[in-house]
Structures are given as structure tokens and as C-alpha cells.
Amino acid sequence: MAISVVMPALELTQETGKLVSWRKKEGEAVRKGETLLEVETDKAVVEVEALADGFLAGIKAQEGDVIPVGHTIAWIVEQGEAPPENQSPTCEAASAAAKVVHPQEVKAASSAAEPASTKAKISPKARRLAGELGVDLDSVKGSGPGGEILASDIESAAQSKTPTTATASATSSGQPKLETLTAIGRLMAERTTQSWTTVPHFFLVREVDATGLNSAREKLTSSAAAGSSVKITLTDLLTALVARVLPKHPRMNASYTPAGIQLHSAVNIAIAIAVNDGVVAAVIPNADKLGLAEIAAQRKELAERAKAGKSRTQDLTGATFTISNLGMFEIDSFTAIIPPPQAGILAVGAIADRVIAVDGKPAVRSMMTITLSCDHRVVDGARGAQFLNDLVQAIAEPQKFLG
């Protein structure tokens, strides 16, 4: 039986997606789980996997097309089977409609398609950046394997470009320079504005003695991460601890809906990861059931794919709680905006030695400030404080919670 391939909804508010590339050709055999195509949203370039075994047939969309979510763009059929007629509007019509509504996106897509004229391999993210930054790919030398042009090559080329006469004139005349937002920048602006203006935030702040957390990380690092070759980070430890505390506080692992509060059975922790042109929240599903080494390995893989612009659908969806750690940037504390539809996000500051009172005497301890942002429609102050109290205890004695 034929299985339709549709433009997937990879994000909560996504209406369209741009087809970056087909990884399989018309008539080519595909296996379930193989990468079938690459789709660009405002957030990332995502690899979409085949849902069944079969043969790719009836391709309706071309690379660079901007397609509404849910529209059939191809079929996976059995050998000898003809693809059925598309029941939804054709992708050609959908693409034409998108060109009317989103002329700038289509112009960028057309520009991104130009790299076919060069023989060098080009990563999807590099193609997108080339269109956004106006870089001529024929003039770029790739630094990747086999001369592949990477996003970093495009950025370097853009930075070395000679300013245009208009820009130089504006700069010399003292007029402000307008920096165009990238797609990720626009999405972050829209989403943070939506969250800040529609979600009633409140914040709970705690100073935490992180001596035990530091000690646990050092022990795990010295013992080769409990048999794993992946380095255990403080973010990994915090992810594991938060995941084990959340089930005791179901309102913190919930979402507000007009019909009521939805309590999630799964504990899916998103980790904010900085990429070249924004932040990606990559998801570790069922984190409460994973060991520390498994969490570290998944976090490493997610970060590598995100920074390469190769995030998959499942990497970016289904989060029930988020952790944002800016400690590595030496930030003492900060407040984070909740990513809907989650009910909370934990902002983590840097660990630093401070003098505090211990049993009435001054002592030096490794201290850390954590800030919990809560959606007041789902979590009240008491519930948020109880969650934070349990998390603080877990941070103080992580071995008791991690086993």
C-alpha cells in the first residue's frame, strides 16, 4: 500500500517548510529510517526519515520549493505499484501560492539553488547561508572533506567581502547600519515576543552549593565517564538530576491548554545549544529513564548535528522542560523566557568560589545561582518552590539520585 510523504510540521507554529534536497531519487529503493529528504524551517535544516520500506515515486516538489505543512510531496510504493493521485492540492500550486505570500523566501530559495553550477559539494546549511548573505559559491573554497563547502566557509567569505558603496556611504555619513535578521533570528524574535506577552511568567531564584556537583563531575571524568568515552559535563549532570526530580512534581512537567492542564507522562528534557546564528533546543526523550553516560552521549550527538545544521525531526520536538546553561560564558545568573507550551525553564549560572557562612563560620564553597521561570497558569509559587527545593537537594548530593 502506498505511503504518502508529506511536508512535516517540525515546529509548533510552522506553516510551511522549504525542501532543501531529496536524498533519494525517483524510483530509488528506500528503507524505513533512512534519510529521505532535508527540510529547512526557520529554526534549522532537518533530515526527514522514510516511514516505510519501498520505492520513492510520484515526486511533486522540487528542491527550493516552499510547501505548506501537510501537503503530499511524494509517495513510497511497493515494487510495480503506481503512486495514487494526490488528494490534497498539488505541490506545484502550493509552491506558487507560497511565492505570492513569501516572495523573499522564494528569492532566497532560488539563490540557494544556484550552487548546482559548481562542482564542489555544499552542505545544506552552507547553501542557505550563501543565499542569505549574498555569497557567490563559485568564489568559495571548501574546507570540509573532499573540498565540501561548509557554513563556516560561507561566513568567512561574507566577512571578507568588501562593503558596498551604499553601506560605506551610510557608515561614513554617520547613519546607523541595518543588520538583517537571519531566519533563526526572526523566529527567536517572534517566539520570545509571543511567550513574553501571552505567558504569565514568574521567577524563583536560589543560590546553590555546587561542591557536590563539581566533585561528582570530577570523579566521573577521572573514571572515563563510567565506561563511556564521552566527557560528562555539568549540563549532563543537571539534565539527569532535573529528569529524576520532575516526576515528583507533575505540574512542572505539564502544559497549559484552553481545555485544562495537560500532564505529560514522558520526561523529555530540552537543552539550549548555541549555534552560529541562534539557539536550538535539542531534546533528550525519556531522560528520567537514561543513565548519565547515555544522556552525555545523546547530548553530544544532538549538539554536533545542531551545529552542523543537520538536526533531525525528533531532535527538536516533544520537549516538556528546558535547561539553559550559560555558566560556560561566566554569567552569574539570568532569567530565561519559557518556550511554549512548556511550563518551565531552568536558567543556570556559572559555578564560582564564594565565602559563605557554614555552621556560623566563614567557609569557601563552590556556589551556583539557578533561576526557575514558571508559567503561572500551570504552576503556582508553592509548587515551583517545592520543585526547586528538591532539585537543590539533588544538586547537593547527586550520587544519591544518580545511583
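Every read-out reported here was derived from the displayed coordinates using simple, explicitly stated rules and does not represent laboratory data. Bear in mind the structure is a predicted one, so any value in this text is a computation, not a measurement. So basically every Cβ, Gly included, is an ideal-geometry build from the backbone, and we count neighbours across all protein chains shown.
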What order do you get for 306-314, 133-141 when each peptide is scored by the mean count of other beta carbon atoms within 10 Å, highest first?
306-314, 133-141
Pairs Lys24/Lys310; Lys219/Lys400; Lys18/Lys141; Lys18/Lys177; Lys121/Lys310: which are spaced more than 21 Å apart, C-alpha to C-alpha?
Lys18/Lys141; Lys18/Lys177
Pop a pseudo-label 7 angstrom from the Cα along the beta-carbon direction at both Lys400 and Arg206 and give the gap in nm to one decimal.
1.2
Taking neighbour counts of Cβ atoms within 10 Å as a proxy for exposure, in what order, fewest first, do Ser222, Ser21 appear?
Ser222, Ser21
Net length gained if the chain between Glu81 and Lys121 were fully extended (0.36 nm per residue, minus Cα distance):
11.0 nm
Only counting other Cβ atoms within 10 Å, I'd like Trp22, Trp196 sorted with the fewest neighbours first.
Trp196, Trp22
